[in-house]
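One structure is given here, and the rest of the page talks about it.
The values are calculated or read from the model by the stated rules, or taken from the named source; none is laboratory data. Everything quoted here is computed from the prediction, not taken from an experiment. A quick note on method: Cβ atoms are made from the backbone with ideal geometry, for glycine too, and the neighbour counts reach across all protein chains shown. The protein model used for the area step is the full one, side chains on, heavy atoms only, and it has no ligands, DNA or RNA in it. Shrake-Rupley method; radii C 1.70, N 1.55, O 1.52, S 1.80 Å.
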Amino acid sequence: MAPKVIPVKSDENLPEAVDVVVIGGGIIGVTTAFFLARAGVSVALCEKGVIGGEQSSRNWGWTRVMGRDERELPLGMSSLNLWREMNRLTGRETGFRQCGILYACDNEKQLNEFRNWKDIADRYQIQTTLLDGARTAEMAAGSQRTFQGGLFCGTDGRAEPTMAASAVAEAAREHGAAILTHCAVRALDRQGGRISGVITERGRIRCSTVVLAGGAWSRLFGGNEGINLPALNVLGSVMRVDNVEGAPEETVGGSDFAFRRNIQGGYNISRRNASVSEITPDSFRQLRQFAGSYLKNHKELRLRLSRAFLDEWKMERRWTPDSVTPFEKIRTLDPEPSHGLLEEAARIIKRDFPPFRTMREVERWGGMIDVTPDAVPIIDRAEKIPGLVLGVGFSGHGFGIGPGAGKLLSEIVRNVTTSVDPASFSFNRFRQPFLPSLNILTTHRRS
């Protein structure tokens with residue numbers, strides 16, 4: 001069951017030409033379009049389905065800096081500042097609330113990891129507080145669980161995934177962006193190796209720059225263009241509950257649970273540190289790149305062999321610009337959630353947190369997360385295709401760092417001084433080979 005996203009109506013007319021085409025209507029794509037349009041750049045956003053229809057509406061809704069990889073901290077801080085202004089910037093409700101986030105630690109090992117992270121946070125002047133076990137339990141809904149301690153960041157917050165991307169997309173349109181839904185981009189159009197436009201299912205749009213922000217679809221699209229993006233899709237699952245009284249405003253995560261208040265007055269809950277990784281042909285194609293990640297995170301991954309293997313096996317990996325693409329055949333990825341993990345999360349939360357013992361399930365859903373080998377995104381120009389900029393592989397962090405990433409992508413496109421140093425997000429860190437592209441032969445002749 002998909003969460004109910006605030007609908008965004010598509011523009012009827014396909015523009016003949018713009019400066020920039022953004023592929024993907026998730027939080028990365030819409031914020032990129034917003035900041036470009038706000039800077040006076042003409043932009044068209046093309047989304048194969050609906051705005052925010054996939055992982056951007058299916059994530060946890062955390063907007064945090066706490067616990068992030070140090071490479072992401074400047075981007076996370078930029079994003080959090082933007083989240084605080086997003087309702088004003090868009091003129092709409094995004095659901096952002098500065099509620100604070102608490103990480104609860106079961107043992108000394110976990111607590112030491114957060115002590116070490118706090119040393120990093122202090123260097124960035126991020127205000128965090130180490131708590132003892134009693135104070136952690138008190139903040140965490142009067143938990144009856146014995147915690148060793150916790151780390152609290154009062155400046156972190158939450159926003160509503162079902163509202164935010166839609167709000168930003170509508171604001172981008174007010175600044176002049178064309179918002180085109182049910183409009184899949186089939187291929188890049190090139191002249192002399194450079195981008196000269198895109199071929200959509202509704203026709204051609206001339207442009208000099210394209211931003212690829214296609215989430216879980218980015219690797220498939222990139223592969224058809226000759227770019228080997230390192231990314232595997234992982235299933236995340238969320239349950240929304242109500243009938244909870246006395247639980248905290250703060251968002252709380254532990255070793256095996258997570259909950260946050262939602263704008264409806266209930267809570268979204270999930271099983272933390274556990275995701276389902278489907279075994280697919282791509283798992284074997286990228287085994288060498290992901291071997292280290294598998295070994296490091298094997299306790300958190302539930303490997304599963306299912307119908308997804310055959311579905312991916314049968315999916316086209318190459319097509320011509322006049323072909324119906326996989327993006328038109330599957331408008332929205334709507335995977336079945338991991339019911340086992342959600343039931344496990346519900347049992348843990350009911351057992352350990354008294355206010356949740358009366359909770360009632362409202363809905364549950366699954367979403368596909370595109371994960372890179374080091375779980376840090378790629379935000380960079382694709383050197384082998386002049387005019388293509390990548391905003392991919394956000395590894396489950398895209399919603400929280402989305403505004404900062406969109407702003408950074410817009411700055412890279414405009415070739416201005418960036419608000420955050422993008423060096424940590426370089427595509428070259430993976431040293432990917434350039435693959436022969438079917439479209440080099442089929443699209444460069446178009447004018």
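Relative contact order for region 8-65 using alpha-carbon pairs under 8 Å, separation at least 6, rounded to a whole percent?
Here the relative contact order equals 37 percent.
Kindly sort Ile330, Ile348 by accessible area of their heavy atoms, largest first, with the probe set to 1.4 Å.
Ile330, Ile348
Assuming 0.36 nm per residue, please report the length gained on full extension of the stretch Arg431 to Val324 beyond their Cα-Cα distance.
Full extension of this stretch gives 35.4 nm more.
From the P(r) of region 122-239, could you give the percentage of C-alpha pairs in the tail past 24 Å?
So the portion of pairs separated by more than 24 Å is 58 percent.
Ignoring ligands, DNA and RNA, what accessible area per residue does the chain give at 1.4 Å, in Å²?
Ligands and nucleic acids excluded, the figure is 40 Å² per residue.
In region 298-427, how does Rg compare with the Kirkwood Rh, expressed as the Rg/Rh ratio over alpha carbon atoms?
When Rh is taken as the Kirkwood radius, the ratio is 1.06.
Using label points projected 7 Å from each Cα along Cα→Cβ, tell me how many nm separate Glu108 and Lys299, to one decimal.
1.6 nm
Evaluate the Debye formula for the chain with equal point scatterers sitting on the alpha carbons, no solvent, and hand back log10 of I(q)/I(0) at q = 0.06, 0.12, 0.14 Å⁻¹, in q order, two decimals.
With one equal scatterer per Cα and no solvent, log10 I(q)/I(0) is -0.24, -0.99, -1.34.
Suppose R0 equals 41 Å; then what is the FRET efficiency for Gln127 and Glu16 from their Cβ-Cβ distance, rounded to the nearest 0.05?
Given R0 = 41 Å and the Cβ-Cβ separation, E is 0.25.
What aspartates and glutamates sit close enough to Lys4 to cross-link, taking a C-alpha to C-alpha distance under 19 Å and skipping anything fewer than 8 places away on the same chain?
Answer for Lys4, where 19 Å is the Cα cut-off: Glu47, Glu54, Glu93, Glu160, Glu170, Asp242, Asp334, Glu336, Glu361, Glu363, listed by chain and number.
Out of all DSSP beta bridges in the chain, what portion is antiparallel? Express it as a percent rounded to 5.
70 percent
What FRET efficiency do you get for Arg288 and Lys314 if R0 is 30 Å and r is their Cβ-Cβ distance, rounded to the nearest 0.05?
0.80
Taking the dipole about the Cα centre of region 93-220, with the C-beta of Lys and Arg at +1 and of Asp and Glu at -1, give me whichever of Met163, Thr129, Thr146 is farthest to the positive side.
Selected residue: Met163.
So, R0 is 25 Å and r is the distance between the beta-carbons of Glu249 and Gln144; what FRET efficiency does that work out to, to 0.05?
The formula returns an efficiency of 0.80 here.
Can you return the lysines within cross-link range of Lys9? Criterion is Cα-Cα under 26 Å, with same-chain partners fewer than 8 residues away left out.
Lys48, Lys329, Lys407
Evaluate the distance, in nm, between pseudo-label points positioned 7 Å from the Cα of Arg357 and of Glu70 along their respective Cα→Cβ axes.
4.5 nm
Give me the percent of accessible area attributable to carbon and sulfur for the chain, probe 1.4 angstrom.
50 percent
According to a simple spin-label model (label point 7 Å from Cα along Cα-to-Cβ), what is the distance in nm between Asp119 and Asn273?
Going from the Asn273 label point to the Asp119 one covers 2.1 nm.
Could you pull out every one of the aspartates and glutamates with an alpha carbon less than 20 Å from that of Lys118, ignoring same-chain neighbours closer than 8 positions?
Straight-distance partners of Lys118: Asp69, Glu70, Glu72, Asp106, Glu108, Asp132, Asp156, Glu250.
Please compute, over every Cα-Cα pair in region 85-126, the percentage with a separation greater than 16 angstrom.
Of the Cα pairs, 60 percent sit more than 16 Å apart.
Short version: ³J(HN,Hα) in whole Hz for each residue of region 387-399, in order, from phi by Karplus 6.51 cos²θ - 1.76 cosθ + 1.60 (θ = phi - 60°), x for Gly and Pro, what are they?
Coupling constants for region 387-399: x, 9, 10, 9, x, 9, x, 7, 6, x, 9, x, 5 Hz.
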